[in-house]
1. Only bridges with both residues in the chain count here: give the DSSP antiparallel percent, nearest 5.
2. How large, in Å, is the range 1-68 by the Kirkwood hydrodynamic radius built from its alpha-carbon pairs?
3. Taking H as built 1.01 Å from N, whose amide H comes closer than 5 Å to the amide H of residue 37, not counting residues under 5 places away?
4. Using only helices, what value at 222 nm comes out for the chain when you add -39,500 (n - 2.57) per DSSP H run of length 4 or more and divide by the total residues, to the nearest 500 deg cm²/dmol?
5. Ordering 76, 90 by accessible area with a probe of 1.4 Å, largest first, what comes out?
6. Roughly what % antiparallel, to the nearest 5, for the DSSP beta bridges in the range 89-312?
7. Using the beta-carbon distance between residue 2 and residue 148 and R0 = 56 Å, what value does 1/(1 + (r/R0)^6) give for FRET efficiency, to the nearest 0.05?
8. Kindly report the accessible area of the range 89-312 per residue (heavy atoms of protein chains, probe 1.4 Å, no ligands, DNA or RNA), in Å².
Amino acid sequence: MKINEKQLELVDKQIKRILASGNYYSEVYKKAGITGVSSPEEFAKIPFTDKADLRNAYPLGIQAVPDEDVVRIHSSSGTTGKPVIIPYTSRDVDDWATMFARCYEIAGITAKDRIQITPGYGLWTAGIGFQAGCEKLGAMAIPMGPGNTEKQLQMMMDLESTVICATSSYALLLAEEINKRGLKSKIKLKKGVIGSERWSDAKRKYIANELGIELYDIYGLTEIYGPGIGINCPDQTGMHIFDDYLYTEIVDPVTGEVLPDGEEGEIVITTLVKEGAPLIRFRTHDLSRIIPGECSCGRHYPRLETIKGRSDDMFKVHGVNMFPSQVEEVLGLVDGVSSEYKIDIAHDEIKNRDIIMLTAEAEGRVDFAVTAENIKKLFKSRLNVTPKVTIVSINTLPRSEKKTKRVFDHRDE
Ligand code: ZN
């Protein structure tokens, strides 16, 4: 989707503000001779920004406003290296809440709803984003934060929560608990707003059926406000992204070439009005595509397909590029297998070849040996690799409230 006049004007303002601020990116743009932007062609030449830059600018190098204008910081989890700090002005905080409230509205959630919020609070953008949007909407926030499943279920029943906000892993854990304890008739949930990670159709169906709820995917990342910058509508044709705050591109994750609407690649986002830490052409490493055309719901916001995975989660075995989403797709085809799995990749020095070991869960009613054989065959035919497959009982693999790490590469050890 080509950048429009209004968006270009806003980016031009953003660049001029960045240059005047003397922040990390002002140096980058000065060196590159960038003074502003007046055409889509010029925009396409602006260098990408990436998480690595933000780490270099740690702690507050990307701040583009005076200290007195900053009201809050958030930090993204640093699994590798330094964390990233994002400063927010009061307008940024308010814009984010406005977008988040819009997400709830699109999902059909109203001021009458009671929203149980299980994502974490603190440095992360998760919990507080869900809460600010809820308060902006006028609904009742039940700010649980993560964990303590016992208490989550108690509050869910006593307060008659109508909306659950969670990661897909935690929603799955809650659905399994509710199922196990036979509590389904005692809960009043109608909708789930699920954030932050790619999840399979099998998992989605299980959660929707067990909890009897409609599910909505919320999109966002700490560097760009946080969760709540886009959500799918009841027509379920992809996530609407708010183009009055953000301009979204899809690029080839390897070459950086901008791809036409409809083609799959990496999401790149430009903030149009963000003050504390404006980012131009930020590489999210999330994989998706822009869905061409207009949604049947009548909203004009552009749409992104549900996140396919992360370009940096891609792993290579025998020279074949693989994504966790492909593994999930294969597992979704096998009877009795859950959506949880673990992959270990090692190198056999003697045979000089990579070995892929897959651990998957299956229900007790199916034959584990037959199931393992089926998975092997599907991998061979669809992905052209043959893993060693181990089947374990359901609930053996770890469930977590945060993003679950599923691929372990032991080849460099
Ligand atoms: Zn729609």
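The values are calculated or read from the model by the stated rules, or taken from the named source; none is laboratory data. This one's a predicted model, so the numbers in the text were calculated from it and none came from an experiment. Backbone-built Cβ (ideal geometry, glycine too); neighbour counts: all protein chains shown. For accessibility, only protein heavy atoms count, side chains too; no ligands or nucleic acids. Shrake-Rupley method; radii C 1.70, N 1.55, O 1.52, S 1.80 Å.
1. Working: 42 of 70 bridges.
Close to 60 percent.
2. On the way: mean 1/r = 0.0784 Å⁻¹.
So the Kirkwood estimate lands at 12.8 Å.
3. When sequence neighbours closer than 5 places are left aside, the close amide H contacts are 12.
4. On the way: 11 runs with 125 residues, N = 413.
Helix-only estimate at 222 nm: -9500 deg cm²/dmol.
5. Numbers: 76 10, 90 75 Å².
Solvent-accessible surface, decreasing: 90, 76.
6. Numbers: 24 of 42 bridges.
Of the beta bridges lying entirely in the range 89-312, close to 55 percent run antiparallel.
7. Working: r = 48 Å, r/R0 = 0.86.
It comes out at approximately 0.70.
8. Working: 7900 Å² over 224 residues.
For the range 89-312, the solvent-accessible area averages 35 Å² per residue.
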